[in-house]
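Notes for the one structure printed next.
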Amino acid sequence: MNEVTLDQTEGPFVDRQKIRKTSNCLVMAAWFGAMFLTDTIFGFPLLRTIDGLLAVLHLAAVPLVLIPMSERMKRNLGMVVILDLLLITSIPLLESRFAIPLPFLLLRHVISLLFAILVGPYFIRPKSFSFFLILLYNAICFYIPMLRSGTVEMILAYVIIIYSFSLLFSYFFLDILRMHVTQISLLIKAHKQAEQMATKDALTGAYNRGYFDNFLKSLVENDAEKVLLFLSLDKYKDVVENHGYLVADAFLKKTAEMLKKKIRSEDMLARYGGEEFVVVLDNPSLDLGKTVARRIISGMKDVMPEYTKVSVGITKIIPGITYQAVMVNADTALYRAKKSDGTALVDPDNPHAEPLHWEEETQT
């Protein structure tokens, strides 16, 4: 069975992040698309080319924010976003090349500030000082053209006031948003670590006894039909006596890794305690249980060739059975497997039949 997560926060949070990133890209694409039409109407060819290109780039970025990314891809995308931001922010510095009124350029510049607010925390994730540097460059690109003009008209003064208050608001908003995103990420990480400690065996990485008990009880309550294998590493004590506990721990870890390879992703592996493991197959076939047991017995040769002895008890979870009955059957099968020096099966569908011992078949 696939790993069951107890986390009810991470999924919705990640979904909201994707929705926000997608919305931001669409909003920016729509904005630059509208500016492209405006530039066409008023006859600003250079700006029209830049706005058209930016509209296409933001629209093309929509599928990128929806796919899972490696850390390297995230860094590369972050660099692209920074270059995009620098390009948009630097437009007022080239006012003489565009041959359009300065208030128009500066009003557009306010949108680049909005771009930093919307996109920055999701792609760049800088610390507070980095935010300050980004906003400082934005302010320089705004005030330098105004100082060059030497005159301040009423419309230009109005734009300056709007920008100044927006800049002040942006710094605090970005810092608060950054802290919010960071805190949620830390909470999700801590939750996952706590969940792993509560459900996983620290040494082998398999599920622990507590998780297995709850899992088996859930199967019984839902009248599931599965096959259960109860394994014991019969030579574990010999490993401890001959090599010590460090080697014995490595023996358990390597055995767990082998067991994971011998079962499917839908199956469940747990360390029951000490040198005992439990495998629950996501299948009701006892024949499949025998096949998996053969794989496990054969796989022990790759763990430590001189300590390959393993006993496997096989039983079945059937509708109407109790948790206690399943464990009694599994324990009985394992006990008989140890006594017969092989693998035994206890079938709850036919409780009066003698357990099947097929060590000769296994050796063959």
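For (1) over 28 Å from the mean Cα position of the chain (by Cα); (2) part of a helix (DSSP H, G or I); (3) crowded, with 16+ Cβ neighbours inside 10 Å, each residue gets a yes or a no:
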| position | (1), (2), (3) |
| --- | --- |
| LEU54 | yes, yes, yes |
| LEU59 | no, yes, yes |
| ARG72 | no, yes, no |
| MET79 | no, yes, no |
| LEU94 | yes, yes, no |
| LEU105 | yes, yes, yes |
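Could you identify the single residue in ALA293, ALA250 that is part of a helix (DSSP H, G or I) and either of a type in the set (Ser, Thr, Tyr) or under 15 Å from GLY205 (Cα atoms) (or both)?
ALA250
How about the range 269-324: which of its residues are among the basic types (Lys, Arg) and in contact (Cβ under 8 Å) with a residue 60 or more places away in the chain? Show your work before the answer.
To start, the set of residues in the range 269-324 that are among the basic types (Lys, Arg) comprises 271, 290, 294-295, 301, 309, 316.
Correct list: ARG271, LYS290, ARG294, LYS309, LYS316.
Under 7 Å between Cβ atoms, at least 6 apart or on separate chains: pull out the pairs that start in the range 211-228 with a residue that is farther than 19 Å from LEU345 by Cβ and end on any residue that is part of a loop (DSSP other than H, G, I, E, B) and of a type in the set (Gly, Ala, Ser).
Listed pairs, sorted by first residue: ASP223/GLY320.
Please verify whether ALA325 is more than 23 Å from LYS235 (Cβ to Cβ), of a type in the set (A, V, I, L, M), outside any loop (DSSP other than H, G, I, E, B) and at pLDDT 90 or above, treating the condition exactly as stated.
yes
Can we say THR322 is polar (S, T, N, Q) and in contact with a helix residue (DSSP H, G or I) (Cβ under 6 Å, 6 or more places away or on another chain)?
Against the criterion (polar (S, T, N, Q) and in contact with a helix residue (DSSP H, G or I) (Cβ under 6 Å, 6 or more places away or on another chain)), THR322 does not qualify.
Give the residues of the range 308-347 that are within 38 Å of the chain's Cα centre (by Cα) and among the hydroxyl-bearing types (Ser, Thr, Tyr), sorted by residue number.
THR308, SER311, THR315, THR322, TYR323
Here are some residues: MET304, MET300. Which one is surrounded by 15 or more Cβ atoms within 10 Å (Cβ to Cβ), at pLDDT below 95, of a type outside the set (Lys, Arg) and assigned to a helix (DSSP H, G or I)? Please lay out each step first, then the result.
On the way: MET304 fails: assigned to a helix (DSSP H, G or I).
It is MET300.
The values are calculated or read from the model by the stated rules, or taken from the named source; none is laboratory data. All values derive from a computational prediction rather than experimental measurement. With ideal geometry, Cβ positions are generated from the backbone for all residues, glycine too; neighbour counts draw on all protein chains shown.
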